[in-house]
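What follows is a single structure, written as structure tokens, with notes after it.
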Amino acid sequence: MIKIVLASNNPKKIGELQTLLMGTNFEIIPQSNFNISEADEPYDTFIENALAKARHASFHTNLPAIADDSGICVDSLNLLPGVRSARYAGDNASDIDNLNLLLQSLDGVVDRNAYYYSSIVFISSHLDPQPLICEGIWKGRITKSPRGNNGFGYDPIFEDIKTEKTAAELDTTLKNKLSHRGKALQQLIHKLKIKYEQE
């Protein structure tokens, strides 16, 4: 079993990623088990922020690390909230604060097309010069009001194009197949298997 630290303190994100990695040869240990603080996310791209988080977690644990940086991008808002998705309504904003601000920002707007984006990276050490980088995109639209009780973040107002259900209305299995994070993680699992088979 290969131990990998997950660079997140978000219990819902940790649970989602652990579910997606179930049945693999990788044991995911959240960084919260090591009392590691959240890393700074100063960059304007998802990939750079994910790498910063992975290197931070790996440095403090001497373990390989996985990190993701993800967010929601709305076409009519010039792809905002983007990398600021978790802090859209302020640095200490709650999921509800962010969700409500996004709905207010789209009040009266006809074009509500949006997508979730996820960049997931893996590094074998904090100085790894060749990180594995994977990405996933989930296309949808922003609803006018929240629907559903599952998920987190913007899930209650993000409607999947194919099912016409919000991410918060989908069961976990289907969401993991459709979601940006699920798609990126499937790529990563494939790359990790190749990497560790070669070593």
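The values are calculated or read from the model by the stated rules, or taken from the named source; none is laboratory data. Since this is a predicted model, take the numbers as computed values, not measurements. Neighbour counts are summed over all protein chains in view; Cβ atoms, including those assigned to glycine, are modelled from backbone coordinates with ideal geometry.
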>> Just the residues that are surrounded by fewer than 18 Cβ atoms within 10 Å (Cβ to Cβ), out of contact with any Lys or Arg (no Cβ under 7 Å at 6 or more places or on another chain) and closer than 21 Å to Asp95 by Cα, please, taken from the stretch 147-164.
In response: Arg147, Gly148, Asn149, Asn150
> Only one of these conditions is not met by Leu101: (1) among the hydrophobic types (A, V, I, L, M, F, W, C); (2) more than 30 Å from Phe26 (Cβ to Cβ); (3) in contact with a helix residue (DSSP H, G or I) (Cβ under 7 Å, 6 or more places away or on another chain); (4) not in a strand (DSSP E or B). Which number is it?
Replying inline: (3)
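Does the stretch 127-144 include one or more residues that are aromatic (Phe, Trp, Tyr), outside any helix (DSSP H, G or I), in contact with a Phe, Trp or Tyr (Cβ under 7 Å, 6 or more places away or on another chain) and under 30 Å from Val5 (Cβ atoms)?
Start the filter on the stretch 127-144 by keeping residues that are aromatic (Phe, Trp, Tyr), which leaves 138.
Checking the rest, the ones that are also outside any helix (DSSP H, G or I) come to 138.
Right, trim to in contact with a Phe, Trp or Tyr (Cβ under 7 Å, 6 or more places away or on another chain) and you get 138.
With under 30 Å from Val5 (Cβ atoms) added as a condition, the list becomes 138.
Yes - at least one qualifying residue is present in the stretch 127-144.
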> Quick one: would you say Ala7 is within 14 Å of the chain's Cα centre (by Cα), surrounded by 15 or more Cβ atoms within 10 Å (Cβ to Cβ) and closer than 20 Å to Gln187 by Cβ?
Replying inline: yes
>> Out of Ser125, Ser119, I need the residue that is touching a residue at least 60 places away in the same chain (Cβ under 8 Å), closer than 26 Å to Leu188 by Cα and surrounded by fewer than 16 Cβ atoms within 10 Å (Cβ to Cβ). Which one?
In response: Ser125
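I'd like the full set of residues that are hydroxyl-bearing (Ser, Thr, Tyr) and surrounded by fewer than 15 Cβ atoms within 10 Å (Cβ to Cβ), limited to the stretch 173-199.
Residues of the stretch 173-199 that are hydroxyl-bearing (Ser, Thr, Tyr), as a first pass: 173, 179, 196.
Passing the criteria: Thr173, Tyr196.
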> How many residues does the stretch 168-192 contain that are free of Cβ contacts under 8 Å to residues at least 24 places away in the same chain and part of a loop (DSSP other than H, G, I, E, B)?
Replying inline: 4
>> Being touching a residue at least 60 places away in the same chain (Cβ under 8 Å) and hydroxyl-bearing (Ser, Thr, Tyr) is the filter here; which residues of the stretch 17-44 pass it?
In response: Thr19, Thr24
> Taking Gly108 and the conditions (1) small (Gly, Ala, Ser); (2) touching a residue at least 24 places away in the same chain (Cβ under 8 Å); (3) not in a strand (DSSP E or B), which numbered condition does it fall short on, given that it satisfies the others?
Replying inline: (2)
> All but one of (1) in contact (Cβ under 8 Å) with a residue 60 or more places away in the chain; (2) under 16 Å from the mean Cα position of the chain (by Cα); (3) not in a loop (DSSP other than H, G, I, E, B) hold for Arg55; which doesn't?
Replying inline: (2)
> Which condition number does Glu27 fail, the rest of (1) surrounded by 14 or more Cβ atoms within 10 Å (Cβ to Cβ); (2) assigned to a strand (DSSP E or B) being met?
Replying inline: (1)
>> Among the residues in the stretch 66-83, are any over 14 Å from the mean Cα position of the chain (by Cα), surrounded by 17 or more Cβ atoms within 10 Å (Cβ to Cβ) and part of a helix (DSSP H, G or I)?
In response: yes
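If only one of Glu169, Glu164, Glu159, Glu135 is on the phi > 0 side of the Ramachandran plot and modelled with pLDDT of 95 or more, which one is it? Don't jump to the end; show me each part of the working.
Working: Glu169 fails: on the phi > 0 side of the Ramachandran plot; Glu159 fails: on the phi > 0 side of the Ramachandran plot; Glu135 fails: on the phi > 0 side of the Ramachandran plot.
Sole residue among the options that is on the phi > 0 side of the Ramachandran plot and modelled with pLDDT of 95 or more: Glu164.
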